[in-house]
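Chemist: Once you've had a glance at the structure underneath, I'll fire off some questions.
The values are calculated or read from the model by the stated rules, or taken from the named source; none is laboratory data. Since this is a predicted model, take the numbers as computed values, not measurements. When we count neighbours, we look across all protein chains shown, and the Cβ atoms used for this are built from the backbone with ideal geometry, even at glycine. What goes into the accessible areas is simple: the full protein's heavy atoms, side chains included, and nothing from ligands, DNA or RNA. Shrake-Rupley method; radii C 1.70, N 1.55, O 1.52, S 1.80 Å.
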Amino acid sequence: MPLEDGDPVRQRGQQVNDEVSRARDPLLQGTPAPDGSRMEAMAEGWEPGPALGDRDMMPREASQQAGRHEEALMAELSELVQKVVKSSSWWERHGVDISILACSFLLLPAGFLCLRSAQAIPFLAGVLTLGVVHHTLTVKGSHLASHNALTESKSWGKVWAIFFIELCSAFTVEQATYNHVKIHHGYTNVIGLGDSSTWKLPFLNRYVYMFIAPLAVPIITPLVALDLLRNVEWKAALRTLCCMFLGLYCHYWLLLHVSGFQSLWSALLCMLLTRSLLAHPYIHVNIFQHIGLPMFAADRKPKRIHLMSLGVLNLPRNALLDWSFGHSLISCHVEHHLFPSLSDNMCLKIKPIVSQYLKQKKLPYNEDTYISRLQLFLQRYEELMVHAPPITELVGIQ
């Protein structure tokens with residue numbers, strides 16, 4: 001599960017800030033929403049900030065008052081959500097998602113056995129089963145484990161993180177949690193930090209990136225993990241290497257001894273096929289929900305509630321993606337960024353409260369369809385995925 005890589009991103013972001021500041025008009029603009037979508041680029045009552053040279057003219061009292069107002073909004077929303085969480089059972093908080101992961105494990109024998117068949121339909125059923133199971137464990141399981149959303153115990157949370165992120169996903173826990181939880185969530189849509197720029201490959205054209213490159217995700221993921229091991233302690237690096245090898249070898253061994261594959265290359269090809277089955281929506285979802293929305297400079301980012309409501313987008317519910325990726329990555333991404341420690345099922349439960357509250361307070365609640373975002377990125381690929389993003393700057397509530 002390749003997540004944001006901190007240091008290179010930070011350096012690249014600083015360069016982007018310098019280029020944007022010199023090249024763009026002083027009056028910074030937000031990013032317009034595509035036609036037909038239900039996205040709102042700016043909250044009502046907000047407007048583009050003053051020219052960069054006029055920052056000192058903003059009254060300090062007005063700025064402080066706006067900050068206190070934003071903090072009060074977040075505190076009020078948090079109180080509403082906490083009431084729902086406290087009134088929810090363990091089954092709602094953790095049980096539903098644990099059951100989905102457990103069911104995925106139980107489907108593994110059926111998937112491997114189906115691959116023994118010489119007939120096309122059972123064989124394809126095996127590929128589909130193993131592909132969905134793989135992404136459920138590596139995307140949904142790893143994502144929940146990185147936020148310690150599977151259990152209320154920190155010790156067990158660490159165990160589950162190692163299992164899902166390192167053993168199942170062939171990645172490193174320390175770098176995954178740091179770059180995803182600390183950087184991406186802590187600085188969502190902040191240039192040079194959590195701006196999702198590590199998903200950009202400007203040297204690829206739009207069709208290669210959107211439709212061919214995702215097939216390489218199962219190969220790129222462990223290679224990126226090996227490179228990142230230079231940044232962790234040797235004990236953690238050794239543990240990660242052992243878990244990665246064990247996970248990959250077990251998959252290979254099961255294909256040989258349970259599914260009946262006769263050659264090394266046929267087994268490796270099947271591994272690549274099942275591990276890349278949902279790689280396209282995995283890449284698409286990660287770019288659709290942040291890139292193209294307002295981006296902010298690190299020293300001028302708004303408070304949390306406005307940062308998350310402006311810079312995050314929800315996609316519609318989809319049975320396959322909800323199961324394999326989780327609600328927090330699909331239809332409840334705004335809720336997840338506001339309350340990242342909640343499980344997928346709890347994000348779905350608080351969704352009506354969060355959406356109603358943000359709309360009631362005239363704050364953005366970005367929603368768009370998968371097809372609409374795909375069309376947008378194909379049409380504006382260079383603007384969104386190659387060039388530096390425009391910086392949105394907001395002033396206090398008027």
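Chemist: Taking the dipole about the Cα centre of the stretch 69-185, with the C-beta of Lys and Arg at +1 and of Asp and Glu at -1, give me whichever of Cys114, Leu128, Ile165 is farthest to the positive side.
Modeler: Cys114
Chemist: How would the stretch 130-219 be classified by its alpha-carbon gyration tensor: rounded, prolate or oblate, with rounded meaning a/c under 1.5 and the a/b versus b/c comparison settling the rest?
Modeler: Oblate, because a/c is 1.5 or more while a/b does not exceed b/c.
Chemist: Sticking with this structure for a sec: Of the heavy-atom accessible surface of the stretch 344-384 (probe 1.4 angstrom), what whole percent is carbon and sulfur?
Modeler: 53 percent
Chemist: Quick check: from the Cα gyration tensor, does the stretch 259-322 come out rounded (a/c under 1.5), prolate or oblate?
Modeler: In terms of gyration-tensor shape, prolate.
Chemist: A further question on this structure: Give the residue list of trypsin sites (Lys or Arg not before Pro) in the stretch 191-277 that are DSSP loop and have at most 12 other beta-carbon atoms within 10 angstrom.
Modeler: none
Chemist: Right, another one. Taking all protein chains as present, what is the carbon and sulfur share of the accessible area of the stretch 181-316, in % to the nearest whole number, probe 1.4 Å?
Modeler: Answer for the stretch 181-316 is 70 percent, counting heavy atoms of protein chains only.
Chemist: Which of the lysines could be linked to Lys235 by a straight reach, that is with a Cα gap under 27 Å, when you skip same-chain ones fewer than 8 residues away?
Modeler: Lys140, Lys154, Lys158, Lys182
Chemist: Please report the Cα spread of the stretch 333-398 along all three principal axes, rounded to whole Å, starting with the longest.
Modeler: Extents along the principal axes, in whole Å: 37, 34, 20.
Chemist: Could you give the size of the charge dipole of the stretch 223-373 about its Cα centre, using +1 on the Cβ of each K and R and -1 on the Cβ of each D and E, expressed in debye and rounded to the nearest 20?
Modeler: 540 debye
Chemist: Once the Cα gyration tensor of the stretch 90-162 is found, what semi-axes does its equivalent ellipsoid get, as square roots of 5 times the eigenvalues, in whole Å, sorted largest first?
Modeler: One finds semi-axes of 30, 11, 9 Å for the stretch 90-162.
Chemist: Would you mind computing Rg(Cα) / (2.2 N^0.38 Å) for the stretch 246-398, counting N as its residues?
Modeler: The reported ratio for this selection is 1.34.
Chemist: Per residue, how large is the accessible surface of the stretch 131-254? Use a 1.4 angstrom probe and give square angstrom.
Modeler: Value returned for the stretch 131-254: 44 Å² of accessible area per residue.
Chemist: Okay, moving on. In square nanometres, what is the average projected area of the Cα convex hull of the stretch 68-113?
Modeler: Over all viewing directions, the stretch 68-113 projects a mean Cα-hull area of 4.6 nm².
Chemist: Roughly how many Å is it from the Cα centre of the stretch 309-356 to that of the stretch 84-121, as a whole number?
Modeler: If you average the Cα positions of each part, the centres end up 19 Å apart.
Chemist: Need the C-alpha centroid separation for the stretch 273-305 versus the stretch 184-233, integer Å.
Modeler: About 11 Å separates the Cα centre of the stretch 273-305 from the one of the stretch 184-233.
Chemist: A follow-up question, please. Could you compute how much accessible surface Trp323 exposes when probed at 1.4 Å, giving the result in Å² to the nearest 10?
Modeler: Only protein atoms counted, so the area is about 90 Å².
Chemist: Across 5 Å bins from the origin, how do the percents of Cα pairs in the stretch 134-279 run, short distances first?
Modeler: Cα pair-distance distribution for the stretch 134-279, in percent: 2, 9, 15, 19, 20, 17, 10, 5, 2, 0.
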